[in-house]
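Reading through the structure tokens given below for one structure.
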Amino acid sequence: PTTAAMLLLYKVGIIAKPACRQAGRESIQRNYLLAGILFSLAFLFKIPAGFSFAAAVIFLVFEFLQGSTLRISRLNLHQKGLIFLSLVGGFSFLPLLTIIYFWGQGTLPLYWQATFKQNVGYLSSWQGGSVGLTQRGLILLAIAGGLFLGRKHFSRIFLLTILWFFFDL
């Protein structure tokens, strides 16, 4: 699901052929919603897929700020906000649906513990030698900041790929 979501982002945000530009804002928004749902599905299978989603959000911010000739940069702030909400809403949909289901079954605390709390412990237990999770987060922040500052010098496919690689790493 993560790869399919990234391919949708690639299709919508990077390959902006003149014929595709006429597709309409609704199809762009629909593709971002679908990408969010695919990220959500991946997240429910394996919590670290949330890092891929974070890379997609950062890439979307880069796209909004790029000011290029791509069709997404031609949208006004309201339309960009709707696209952002489509991606985040799609990502939030399935976890919220499962939370509502288990709450209705009276097992929400068990679900929350098994699904989210134990995974936070799992993620924070990754000790890569002498570099802990906090230090790796700071390194990731520095990499994302460097990519942001140099975003006009990199192709979009490079930005998406390198963000995805480092966030998943």
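The values are calculated or read from the model by the stated rules, or taken from the named source; none is laboratory data. Quick caveat, the model's predicted, so the values are computed rather than measured. Note that each Cβ is placed from the backbone with ideal geometry, even for glycine, and that neighbours are counted across all protein chains shown. Calculation scope for accessible area: heavy atoms of the full protein, side chains included, ligands and nucleic acids excluded. Shrake-Rupley method; radii C 1.70, N 1.55, O 1.52, S 1.80 Å.
Residues of segment 13-38 being at pLDDT 75 or above and either in contact with a Cys (Cβ under 8 Å, 6 or more places away or on another chain) or open to solvent by less than 20 Å² (accessible area, probe 1.4 Å) (or both), which ones?
From segment 13-38, those at pLDDT 75 or above are 27-38; that's our starting set.
Selection gives Ile28, Tyr32, Ala35, Gly36.
Using the structure shown, decide if Leu65 is at pLDDT below 80, part of a helix (DSSP H, G or I) and either of a type in the set (A, V, I, L, M) or in contact with a strand residue (DSSP E or B) (Cβ under 6 Å, 6 or more places away or on another chain) (or both). Yes. Would you check which residues across segment 39-48 are surrounded by fewer than 21 Cβ atoms within 10 Å (Cβ to Cβ) and assigned to a helix (DSSP H, G or I) and list them? Correct list: Leu41, Leu44, Phe45. Within segment 83-117, being free of Cβ contacts under 8 Å to residues at least 60 places away in the same chain and among the aromatic types (Phe, Trp, Tyr) holds for Phe84, Phe91, Phe93, Tyr101, Phe102, Trp103, Tyr111, Trp112.
Please pick out the residue among Leu82, Leu87, Leu41 that is farther than 23 Å from Ser155 by Cα and either small (Gly, Ala, Ser) or modelled with pLDDT of 90 or more (or both). Break it down stepwise before answering.
Working: Leu82 fails: either small (Gly, Ala, Ser) or modelled with pLDDT of 90 or more (or both); Leu87 fails: farther than 23 Å from Ser155 by Cα.
Exactly one of Leu82, Leu87, Leu41 is farther than 23 Å from Ser155 by Cα and either small (Gly, Ala, Ser) or modelled with pLDDT of 90 or more (or both), namely Leu41.
Number of residues in segment 107-154 that are open to solvent by 60 Å² or more (accessible area, probe 1.4 Å), in a loop (DSSP other than H, G, I, E, B) and modelled with pLDDT of 85 or more: the value is 1.
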